[in-house]
Structures are given as structure tokens and as C-alpha cells.
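Asks: The structure's right below; bear with me while I get my questions together.
The values are calculated or read from the model by the stated rules, or taken from the named source; none is laboratory data. Bear in mind the structure is a predicted one, so any value in this text is a computation, not a measurement. When we count neighbours, we look across all protein chains shown, and the Cβ atoms used for this are built from the backbone with ideal geometry, even at glycine. Areas reflect the complete protein model, heavy atoms only, side chains present, ligands, DNA and RNA absent. Shrake-Rupley method; radii C 1.70, N 1.55, O 1.52, S 1.80 Å.
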Amino acid sequence: MTPDTDDRYVRIAVMVLLSLTMFAGACATAIHWLAPVHRTMDLIIPPTATVFFAALIVALIRRPRWVFGIARIALALAALALAAPAWLYTLQATLTPGAALIDLLPPVSSLFVVFLVMVMVFIPGRQAFVLAALSWLLIALPVLIYLPLHPAELAAPRGRDLLMAYGPVSILVVVLLPVQRGLAGKIQRLASERQLMEVQLHRDPLTGVQSRLLGERMLREVLAAGAPAGVIMLDLDRFKAINDTYGHPVGDQVLQAVASGCKGLLRENECISRWGGEEFLAIVPDVDASGLQRVAERLQTAIASMQVAPVRQVTASFGTAMLRSGDSLDSVLQRADQALYRAKEQGGNRVDAAPLVRPG
């Protein structure tokens, strides 16, 4: 998955969360306004939060690259919206005779757990743990202090639900933050290692051009497409003598220079693979026979003009073959190889083309 795709998914996720939060705020606003008893805090926080989250949605639409900043602002607003009623109604229940927290506190305990999960998603590293722990102290602690001091409320079903949500459940989420981060880091490392292995599998480690495995895959795709295309097989002339005379390190430099030079001369939709040893295969789509010949001659000239000290001259022989109807991977490669063999027999440093039509 590319970074642009990842960002798009994050924007979609944040947009969905903001929309759901705004909808929840609008519903809470309607419920509190229609309730027989109106509490000031309930009449202020839900509509205010609804307006703020609507503004964040507009900001995200107009500035999509601000997605992480908008997500953090949304978390801060959510923390304030959860902390304010927890403290206010706890103090009110404590100081007002006959008042009960389980009757005053809005049903927001489950939202607190959701808030902690969102912190894990959108806040990086250790900051997430610190913020989650601080949020727990600011939002859950007053409720957890109040309930044991009022056993009758604690024994009620709503009291037990509050104790579980603000106690073991939320603490478990906070404690699991480091575990989640560790797993996320492990998954990221595995993904990076897999990506590196795929690159190594598809790239020749010495020359940096495509591997034979990837070259075969691309040639099969070209064959399946059925569009005009051709292949160029090239083999360095007297390469064994270069290795024997100057050593394998110099031979490796020659291979690298040839691969780099050929790759630089090919178009974006053309590719070259190291086929084995000193042999390379270029795949040229959207070309006719004369165009394929020109590409091969351009590569031949470029290789013959290379200077790879202390080698006096590097040359290569070329065999070209246009794809025919009904060709298989083996058949087109066999024709290119036969043309290459003829070029070698004629002294090398030349291009030979396979016949365009099948013999009689």
C-alpha cells in the first residue's frame, strides 16, 4: 500500500468518526432538550460539541492534509466534553443532599473507552500512554472515588456499570497501549522486511536491473496482452576473457556499466533484466520490427563506446525477435537466442533479427 493510499484511509476514518460524533452530539442535544428536567451542563455541552465537530468536518474537507492535527483537536474536545460532566456532577452529587451521581451523570462511560482507543490510533508512541493515563485521572478518577463512598449507588446496576467502565475496562485499555504499540512496531518491521525481500527478489543484486524472475513475469504479461512487441537478447562478447585477464571485480564493473547504460537508454515502458551471467533481455512493447532493430542498434553502439578501465573495449552481440500470434515464453526466447547465436558466429558486436514469419 502506498503512502497516498494510507493517508486517504486515515482521512476517511477520521471523517467517519467526526460524523458519528457530531450525530451523537445532535442526538444528545435533542434528548436533553426534550427531557422533563433540564440540567445546564446537559444543555450546553452536547450542542457545543456538535457545532465544534461540524466545524472540524468542514476543516477536514477543505484541508485534508491537516487530518492528524484535526484528529488531535477532536480528541482534546472529546476529553473536555467527558471531563466536565464527570467533575461537575460528582461535585454536585457530593455536595447536594439527596442527589445521586448515577442519576445525574449522562450515559457517557462507554464513550470514554472509545476515546481511549482513539488515543491509541492517532497519538504516536509514548505520548499516547501519557495522554491516556492523564485522561483516566481527569475523567474516571472522580467517579471511582465517589462510588465506594456511596455503597447504595455502587450496588445499583448503573453504579456497577460505571465502576466497570471507568475502572477495570478503561485501565485495561491504558495498560494494553504499550502492547499495542509493540505489536504495531513488529508488524511494521515485518512489512518492511517483506518489502525488502520483494525488492531483492525482483532486482538483480549486482547490476540493479530487474531479475530474471520479474523479466519472465513481464514477458508473460506482454504475451497475454497481444499487442505488437519484441524482445532483445544480448550477450557480452568474450566476457570470460575479461574475467580471466582482469579479474572478477573488473568483470562485475563491466556488467554494472552495461546494465546501467542499457537501462538509461530504454523508455519507461521498456525494461531490461539480467538473464544470467553476462546475458540480458530487454522487453520492448508497442514496437514494430524496424523500431526494435533501432533500439537494439542503439544499445549496441552505447555498449561499444563504454570505457570501463582497464578493459580496452566492451562489446555485445544482439538477437531480436518480434512476438508472433500464438507465441509462448519459450518460443519467443528460442528465436531471440538463435538470432543471438548467429550474431556471435559472425564475430559479435552486431545485431541479428529472427525471421518475422514462421519458416515454410
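Asks: Would you mention how many residues in the stretch 79-112 are β-branched (Val, Ile, Thr), farther than 16 Å from Thr40 by Cβ and in a helix (DSSP H, G or I)?
Replies: 2
Asks: Tell me whether the stretch 345-355 contains one or more residues that are part of a loop (DSSP other than H, G, I, E, B) and of a type in the set (D, E, K, R).
Replies: Within the stretch 345-355 (the criterion being part of a loop (DSSP other than H, G, I, E, B) and of a type in the set (D, E, K, R)), the answer is yes, since at least one residue qualifies.
Asks: Let me ask you something else. Which of (1) open to solvent by 40 Å² or more (accessible area, probe 1.4 Å); (2) under 31 Å from the mean Cα position of the chain (by Cα) is the odd one out, the single condition Leu18 does not satisfy?
Replies: So the condition that Leu18 fails would be (1).
Asks: Quick one: which residue in Ala26, Ala35, Ala59 is closer than 18 Å to Leu111 by Cα and among the small types (Gly, Ala, Ser)? Lay out the reasoning, then the answer.
Replies: On the way: Ala35 fails: closer than 18 Å to Leu111 by Cα; Ala59 fails: closer than 18 Å to Leu111 by Cα.
Testing whether each residue is closer than 18 Å to Leu111 by Cα and among the small types (Gly, Ala, Ser) leaves just Ala26.
Asks: Among the numbered criteria (1) in contact with a strand residue (DSSP E or B) (Cβ under 7 Å, 6 or more places away or on another chain); (2) more than 20 Å from Asp237 (Cβ to Cβ); (3) charged (D, E, K, R); (4) at pLDDT 95 or above, which one does Arg294 miss?
Replies: Only one criterion is unmet by Arg294, namely (1).
Asks: For the stretch 319-339, give me each residue that is under 13 Å from Pro355 (Cβ atoms) and open to solvent by 70 Å² or more (accessible area, probe 1.4 Å).
Replies: Within the stretch 319-339, Gln334, Gln338 meet the criteria.
Asks: Out of all the residues in the stretch 178-189, is one or more surrounded by 13 or more Cβ atoms within 10 Å (Cβ to Cβ), at pLDDT 90 or above and in a helix (DSSP H, G or I)?
Replies: no
Asks: Something else: For the structure I just gave you, tell me whether Ala76 is of a type in the set (A, V, I, L, M), surrounded by 16 or more Cβ atoms within 10 Å (Cβ to Cβ) and in a helix (DSSP H, G or I).
Replies: Values: of a type in the set (A, V, I, L, M): yes; surrounded by 16 or more Cβ atoms within 10 Å (Cβ to Cβ): no; in a helix (DSSP H, G or I): yes.
When the stated conditions are applied, Ala76 does not pass them.
Asks: Taking the stretch 102-119 as the region of interest, how many residues are of a type outside the set (Val, Ile, Thr), open to solvent by 30 Å² or more (accessible area, probe 1.4 Å) and within 19 Å of Arg72 (Cβ to Cβ)? It would help to see each step written out before you state the result.
Replies: Our first condition is that a residue be of a type outside the set (Val, Ile, Thr); within the stretch 102-119, this holds for 103-107, 109-112, 115-116, 118.
Cutting the leftovers down to open to solvent by 30 Å² or more (accessible area, probe 1.4 Å) gives us 103, 107, 110-111, 118.
Filter once more, so that each one left must be within 19 Å of Arg72 (Cβ to Cβ): 111, 118.
Looking only at that region, the number is 2.
Asks: Could you list, in sequence order, the residues of the stretch 100-130 that are β-branched (Val, Ile, Thr) and touching an Asp or Glu at 6+ places or on another chain (Cβ under 6 Å)?
Replies: Within the stretch 100-130, just Ile102 meets the criteria.
Asks: Among all residue pairs at least 6 apart or on different chains, which show Cβ distances below 7 Å where the first residue, located in the stretch 209-235, is part of a helix (DSSP H, G or I) and the second is hydrophobic (A, V, I, L, M, F, W, C) and open to solvent by 40 Å² or more (accessible area, probe 1.4 Å)?
Replies: Leu213/Leu201
Asks: Sticking with this one: Mind checking which residues of the stretch 301-318 are of a type outside the set (S, T, N, Q) and surrounded by 15 or more Cβ atoms within 10 Å (Cβ to Cβ)?
Replies: Ala302, Ile303, Met306, Val308, Val311, Val314, Ala316, Phe318
Asks: Kindly list the number of the only condition in (1) of a type outside the set (S, T, N, Q); (2) assigned to a helix (DSSP H, G or I); (3) modelled with pLDDT of 95 or more that fails for Gly264.
Replies: If we test Gly264 against (1) of a type outside the set (S, T, N, Q); (2) assigned to a helix (DSSP H, G or I); (3) modelled with pLDDT of 95 or more, just (3) comes out false.
Asks: Now for a different question. One residue is enough: does the stretch 83-93 have a residue meeting the conditions in contact with a His (Cβ under 9 Å, 6 or more places away or on another chain) and farther than 12 Å from Val14 by Cα?
Replies: Yes: one or more hits.
Asks: Where the second residue is in a helix (DSSP H, G or I) and open to solvent by less than 20 Å² (accessible area, probe 1.4 Å) and the first is acidic (Asp, Glu) and lies in the stretch 144-156, which pairs have Cβ atoms under 9 Å and are six or more apart or on separate chains?
Replies: Between residues of the stretch 144-156 that are acidic (Asp, Glu) and residues that are in a helix (DSSP H, G or I) and open to solvent by less than 20 Å² (accessible area, probe 1.4 Å), the close pairs are Glu153/Ala93; Glu153/Leu101; Glu153/Tyr146; Glu153/Leu147; Glu153/Gly159; Glu153/Leu162.
Asks: Given the residues Arg342, Arg350, which is the only one that is out of contact with any Ser or Thr (no Cβ under 8 Å at 6 or more places or on another chain), surrounded by fewer than 22 Cβ atoms within 10 Å (Cβ to Cβ) and of a type in the set (Lys, Arg)?
Replies: Being out of contact with any Ser or Thr (no Cβ under 8 Å at 6 or more places or on another chain), surrounded by fewer than 22 Cβ atoms within 10 Å (Cβ to Cβ) and of a type in the set (Lys, Arg) holds for just one of Arg342, Arg350, which is Arg342.
Asks: Hey, another quick one. What tally of residues in the stretch 219-246 results from selecting those that are open to solvent by less than 20 Å² (accessible area, probe 1.4 Å), out of contact with any Gly (no Cβ under 9 Å at 6 or more places or on another chain) and more than 22 Å from Ala336 (Cβ to Cβ)?
Replies: Adding up the residues that qualify gives 0.
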